[in-house]
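Novice: So that we are looking at the same thing, I have put the structure below in structure tokens.
The values are calculated or read from the model by the stated rules, or taken from the named source; none is laboratory data. From a predicted model like this one, the values you see are computed outputs, not experimental measurements. Cβ atoms come from the backbone with ideal geometry, glycine included; neighbour counts cover every protein chain shown.
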Amino acid sequence: MAIIQSPYCSSQKDTLAFKNKNGHASQGSVMFAHTKCSTSNIATNAAPTERRKTHLVVHKERREGGYFATTPDFVERAERAGRLAMHIAPEQLRTKSVSEALKTWWEHVKEPTIRKPRTKEAYTLYMKHVIGKLGSIMLAQLNVGHLLEYQRERHRVENASTWLVNHETNVISQVMRYADLWDRIEKYFKQLPPPDWTPPKVLTVDEEEFFFKVVEAHPEWELAYWACSVTNNTSAYGCELTSLQKKHIILDQKPPVMHVPDGKVKNEFRARVIPLNRVAIKHIGRILERAEKLAKKQGFTQLYEDHFIFPYGVARNVFDVTRPASRFFMYNHFSKMRKLTGFTWLCPRNFRNQIITKLFERGTPDETITSIAGHSSIKMSRYYSRIRVSAKFEALSDLSPVKKGVQNAG
């Protein structure tokens, strides 16, 4: 356990320790001693092995965007979470209704530890559904029958997806664990089994060529077309694109590269550097030209390094380059593209699966694929790929004899 004496606190208070789910301090855990001092005094008299562990922890904390970053903002939130959590004893939640218990747990325990807005939005949605069904029941009276009936009604009657129902029941389990009530339910309760896995759909070679040829002929869809093409050639999509600023695009080196920033990505592996091929360079260049025009229209002399290349749409034909586009920035145009081409199942994400599939078909090394896609393992990359029939046919055709008179055995 690394002890960090926070320079942001002025009074002696109880120390705050972050522990894992087993109650043991993990290697990334930090304990803040609330005294006026410098972080340079950390474990100076510790043994060499302990100093090494402390060094690794502090190094992890200082990584930009890391969860345990020793920034004033994190320290302030951590101390507030600790003080609030200490005032919410488990027995206090037991006598509250599920609605009140959820709100209290969220405000004082869970919410202060979450840093990503998307995660907060998801938890808010889960709690809304749980409160709508179980909100009036006292938390201590909640039993396995309530959860099983909740699963049945949400999944079978309301047609909620398996993953959504499982996330909602997981929120219930987190609250009950905090209130020391989950042990009597855990051995009887099972989450819904995931549906049978099916490989993600991808376009054939001819379908891919047809799609881009059709949408290229419609100038009003140009931004959505460029974004899909960039995804199809880099694997970056969604928030990875909207969070791009001019400083993340480096075209004056060989090869040109795009830095996917780590501020908005799903996990630490998705922050990556992707070399740009010829098609990606062409469309990234067009996106930069558009952003440059919008920046000048907004009153700037040029597109500055911290400006977003996918600006936020304030109103029709009005954009703000200092803010990133919303995640729905090309929803309407892509819906029209999909309808015109007849690929009703197609989503922007499928172009990410498309490039991963093509990399596998070309025999690209596993390490290269995971690095380009931002996956933690090659198993995950294979999960999101689907080798096309044409590629399988070509591979089997290579086994056919070329010389006359030669026949396959059997």
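Novice: Go through the range 295-346 and give me each residue that's among the hydroxyl-bearing types (Ser, Thr, Tyr), buried (at least 16 other Cβ atoms within 10 Å of the Cβ) and free of Cβ contacts under 8 Å to residues at least 24 places away in the same chain. Let's see the steps before the verdict.
Specialist: Of the residues in the range 295-346, the ones among the hydroxyl-bearing types (Ser, Thr, Tyr) are 301, 304, 312, 322, 326, 331, 335, 341, 344.
Within this subset, residues satisfying the condition of being buried (at least 16 other Cβ atoms within 10 Å of the Cβ) are 312, 341.
If the condition is that a residue be among the hydroxyl-bearing types (Ser, Thr, Tyr), buried (at least 16 other Cβ atoms within 10 Å of the Cβ) and free of Cβ contacts under 8 Å to residues at least 24 places away in the same chain, then Tyr312 is the only one that fits.
Novice: Mind checking which residues of the range 105-161 are under 29 Å from the mean Cα position of the chain (by Cα) and among the polar types (S, T, N, Q)?
Specialist: Thr113, Thr119, Thr124, Gln151, Asn159, Ser161 - these are the residues of the range 105-161 that are under 29 Å from the mean Cα position of the chain (by Cα) and among the polar types (S, T, N, Q).
Novice: Which residue, of Val273, Val215, Val265, is crowded, with 20+ Cβ neighbours inside 10 Å, at pLDDT below 90, over 30 Å from Glu149 (Cα atoms) and outside the structural domain of Trp105 (by TED's automatic domain parsing)?
Specialist: Values: Val273 fails: crowded, with 20+ Cβ neighbours inside 10 Å; Val215 fails: at pLDDT below 90.
Sole residue among the options that is crowded, with 20+ Cβ neighbours inside 10 Å, at pLDDT below 90, over 30 Å from Glu149 (Cα atoms) and outside the structural domain of Trp105 (by TED's automatic domain parsing): Val265.
Novice: Please state which of the following conditions Arg349 fails to meet, knowing it meets all the rest: (1) basic (Lys, Arg); (2) within 22 Å of the chain's Cα centre (by Cα); (3) surrounded by 15 or more Cβ atoms within 10 Å (Cβ to Cβ).
Specialist: (3)
Novice: Could you tell me whether any residue of the range 359-368 is charged (D, E, K, R) and more than 22 Å from Lys201 (Cβ to Cβ)? Before you say what the answer is, go through the steps one by one.
Specialist: Initial filter on the range 359-368 (charged (D, E, K, R)): 361-362, 366-367.
Then keep just the ones that are more than 22 Å from Lys201 (Cβ to Cβ); that gives 366-367.
Scanning the range 359-368 turns up at least one residue that is charged (D, E, K, R) and more than 22 Å from Lys201 (Cβ to Cβ).
Novice: Find the helices (runs of 4 or more DSSP H) located wholly in the range 173-279 whose residues include 1 or more that are on the phi < 0 side of the Ramachandran plot and small (Gly, Ala, Ser), and list them. Don't jump to the end; show me each part of the working.
Specialist: Values: elements: 183-186, 205-216, 222-234, 239-242.
Passing ranges, in order: 222-234.
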